[in-house]
Amino acid sequence: MSFHSHVESLRAHDIAALAMITVEEETDLFSTSTADDSVLAAPLKSQTWDSLRSNPYYDLLQEFEDVFPDEVPCRLPVDKGVQHEIDLVPGAKYFDAIDAFFAARKAAGHVRESISPHNSPTFCVKKPGGKWHIVHAFNKLNAATIPAQTPIPRKDVIIDGMGRSTIFSTIDLRDGFYQILMRLCDVPKTAVSTPSGMLWEWLVMPQGLSNAPVTFNRMVTAKFRAFRDFAPSYFDDIYVHSCASSAQSGLDVHRGHLRKVLEVLRANNGLYANLAKYMFCVDEIPVLGDLVGVNGCRADPGKIKAISEWPIPSSVKDLRRWLGLATYLHKYSQDFADIAQPLFRLLLKDAPWVWDSACQEAFDGLKSNLQRAPILTLPDFDKPFSVVCDASQFAIGCCLMQLDASGRPRPVSYQSCQFHAAEQAYPVHDLELLSMKYTLTKFRIYLLGGKPFVVYTDHASLRTATNTPHLSQRMARWISFFSEFTFSVQYKPGKDNILADAVSRRPDLELTTIGLLTSGLHDRIRAAYPFDADCSSCLAALTDPVSPKPRRASSALHRFALADGF
């Protein structure tokens, strides 16, 4: 009713009485009640059937007394015509996959129903073949688990141990995790729930625990420790390799090695091999991303193809992914760090993303190098090694080499690294010495304690670096490190110290050999010496040590040496 209509009704005597209400206390403007909460609470708290006897609707309420029970009955409710529905997206049938998985594990005795206070969820991930992969999300359990400190086998040690082998086999262990029992007090911690409402706990080691791979690897290593010379293991993979002996052929030796390995699998009553992934008596096997065989070690063609077909990166994330894949195969590429220097510059913090011609050239150069990757020879520790090292303005490149049966030098591994900003300011002599230190450090396991080896360098002064009396503290530390090795330094001019630019490959092995390039640059430099005052006086003093020398030349003469007319 509006104010004007209210006045008209009052004049027409349609309203019998009026009352005025005044606000004496501040009210809550956001309250939904017209009365004070305390006023309403008193009758509600004391509301009983006895208090309602004076209510005019008491007989009606008594008629429907069952609608107002003191407690709700504990029974399944009847169908009320409306049911809550949860519709899954088409193809989401993982409930059945999870239930079938645990039904099979229960039949095998691997799991049991649990009342554990712990609980980790279970979900599925679809495999490329259409099957489901069961995943336990042990995130919280893993975060509270102390990491195991068991060492993991090194890939290079496994591959290097296969040198001189001519016959290879691989064995892949099947369901290896389920062959290890859980410690009894830890069984409740492995409880996992399923979407169907079940709670299971594992009596055997499930997949997904942070220390599970380490535990399995420790078990396999312990079982095959006596055979590590011819059957090294890496988690669930066992690599058996053999060569002929003086009394037996390679096939007979390999048969004996396989028998020993299979006997261990049978004796442990639960270690089974996967026949579908078993490679028997072949001349080349895949080993952790490489292919190892009679001719040596080569990169996996699948990884080379992935690197070669990679599109031009459009962001730091894309570049980081590609460099991660390419770096994994860096031992097949000479001067990898030097070539990739423009690309690594883009990964620096706060560096602007500018893909210029230098980046494109480095990107294409690394692809080309890996596409022409040689077959690396496997090291033979009974033969001497040699190393080649070189330094540029930005990076170090080196190569470990060994002669093959034909007397040709073959690369065992390429290594490289970039200089730090402070190292780039070193003098040329120190950079070359640093490259030699890096080379010996990188190939330490091959060179230390073995036969004497040769270091080839294109910097002639390194031949006498260990004998010079004028040493800086930095050089003194490096030379102290060199004393651990038995080696000699041989000078090889840059025109002869060519590893990858002048390569020739045998069609059957695709291996690199050292080529020889001729150049007239050195002759032109020698011919120009007489026309330079400083060079001519220094050259004359070195050529004739007994002749009198100017004071300026004699003070700096100890820094120079004469080699091949330079």
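The values are calculated or read from the model by the stated rules, or taken from the named source; none is laboratory data. Note that this is a predicted model, so its numbers are computed, not measured. Note that we place each Cβ from the backbone using ideal geometry, even for glycine, and neighbour counts take in every protein chain shown.
If only one of Leu181, Leu173 is outside the structural domain of Lys331 (by the TED database), at pLDDT below 90, in contact with an Asp or Glu (Cβ under 6 Å, 6 or more places away or on another chain) and not small (Gly, Ala, Ser), which one is it?
One residue alone meets the criteria, Leu173.
Identify, from the list Pro213, Pro232, the residue that is in the same structural domain as Gly176 (by the TED database), touching a residue at least 40 places away in the same chain (Cβ under 8 Å) and under 22 Å from the mean Cα position of the chain (by Cα).
Going through Pro213, Pro232 in turn, just one is in the same structural domain as Gly176 (by the TED database), touching a residue at least 40 places away in the same chain (Cβ under 8 Å) and under 22 Å from the mean Cα position of the chain (by Cα): Pro232.
Of all residues in segment 265-313, how many are in a loop (DSSP other than H, G, I, E, B) and closer than 23 Å to Phe168 by Cα?
9
Do we find that Val316 is surrounded by 12 or more Cβ atoms within 10 Å (Cβ to Cβ), under 19 Å from the mean Cα position of the chain (by Cα) and in the same structural domain as Val240 (by the TED database) in this structure?
no
If I go through segment 355-379 residue by residue, how many of them are more than 16 Å from Lys303 (Cα to Cα) and β-branched (Val, Ile, Thr)?
The qualifying residues number 1.
I'm checking my understanding of the structure. Among residues of segment 405-429 that are touching a helix residue (DSSP H, G or I) at 6+ places or on another chain (Cβ under 7 Å) and touching a residue at least 24 places away in the same chain (Cβ under 8 Å), which one is surrounded by the fewest Cβ atoms within 10 Å (Cβ to Cβ)?
His429
Can you tell me which residue in segment 155-201 is surrounded by the fewest Cβ atoms within 10 Å (Cβ to Cβ), limited to those that are hydroxyl-bearing (Ser, Thr, Tyr) and part of a loop (DSSP other than H, G, I, E, B)?
Among them, the one singled out is Ser196.
Looking at Glu510, Glu484, which is the one that is at pLDDT below 55 and of a type outside the set (Gly, Ala, Ser)?
When all the criteria are applied, what remains is Glu510.
What's the total number of residues in segment 324-371 that are in contact (Cβ under 8 Å) with a residue 12 or more places away in the chain, under 17 Å from His420 (Cα atoms) and not β-branched (Val, Ile, Thr)?
Within segment 324-371, residues that are in contact (Cβ under 8 Å) with a residue 12 or more places away in the chain, under 17 Å from His420 (Cα atoms) and not β-branched (Val, Ile, Thr) number 11.
Name the residue that is nearest to the chain's Cα centre (by Cα), counting only residues in segment 235-248 that are under 22 Å from Lys277 (Cα atoms) and at pLDDT below 90.
Phe235
Considering each residue of segment 273-288, count those that are touching a residue at least 40 places away in the same chain (Cβ under 8 Å) and surrounded by fewer than 17 Cβ atoms within 10 Å (Cβ to Cβ), and give that number.
Total meeting the criteria: 11.
Within segment 205-232, can you find the residues that are more than 20 Å from Cys124 (Cα to Cα) and not in a helix (DSSP H, G or I)?
Matches in segment 205-232: Asn211, Phe224, Arg228, Asp229, Phe230, Ala231, Pro232.
Name the residues in segment 430-464 that are over 28 Å from the mean Cα position of the chain (by Cα) and free of Cβ contacts under 8 Å to residues at least 12 places away in the same chain, would you?
Gly449
Would you tally the residues in segment 317-356 being more than 23 Å from Lys155 (Cα to Cα), touching a Phe, Trp or Tyr at 6+ places or on another chain (Cβ under 7 Å) and not in a helix (DSSP H, G or I)?
1
For Trp322, state whether it is within 22 Å of the chain's Cα centre (by Cα), over 30 Å from Ser169 (Cβ atoms) and among the hydrophobic types (A, V, I, L, M, F, W, C).
On the way: within 22 Å of the chain's Cα centre (by Cα): yes; over 30 Å from Ser169 (Cβ atoms): yes; among the hydrophobic types (A, V, I, L, M, F, W, C): yes.
Yes, satisfied.
For the subset of segment 530-555 comprising residues that are in a helix (DSSP H, G or I) and modelled with pLDDT under 65, which member is farthest from the chain's Cα centre (by Cα)?
Among them, the one singled out is Arg551.
Give just the number: which of (1) in contact with a Phe, Trp or Tyr (Cβ under 9 Å, 6 or more places away or on another chain); (2) within 29 Å of Thr327 (Cα to Cα); (3) loosely packed, with under 14 Cβ neighbours inside 10 Å does Pro301 not satisfy?
(1)
On the basis of being β-branched (Val, Ile, Thr) and part of a strand (DSSP E or B), does Val261 make the cut?
So Val261 fails the test.
So for segment 298-319 (the condition being free of Cβ contacts under 8 Å to residues at least 60 places away in the same chain, touching a strand residue (DSSP E or B) at 6+ places or on another chain (Cβ under 9 Å) and over 30 Å from Leu366 (Cα atoms)), does at least one residue qualify?
Taking every residue of segment 298-319 in turn, none turns out to be free of Cβ contacts under 8 Å to residues at least 60 places away in the same chain, touching a strand residue (DSSP E or B) at 6+ places or on another chain (Cβ under 9 Å) and over 30 Å from Leu366 (Cα atoms).
What about Ile152, is it surrounded by 16 or more Cβ atoms within 10 Å (Cβ to Cβ) and either assigned by the TED database to the domain that holds Ser196 or among the aliphatic types (A, V, I, L, M) (or both)?
No.
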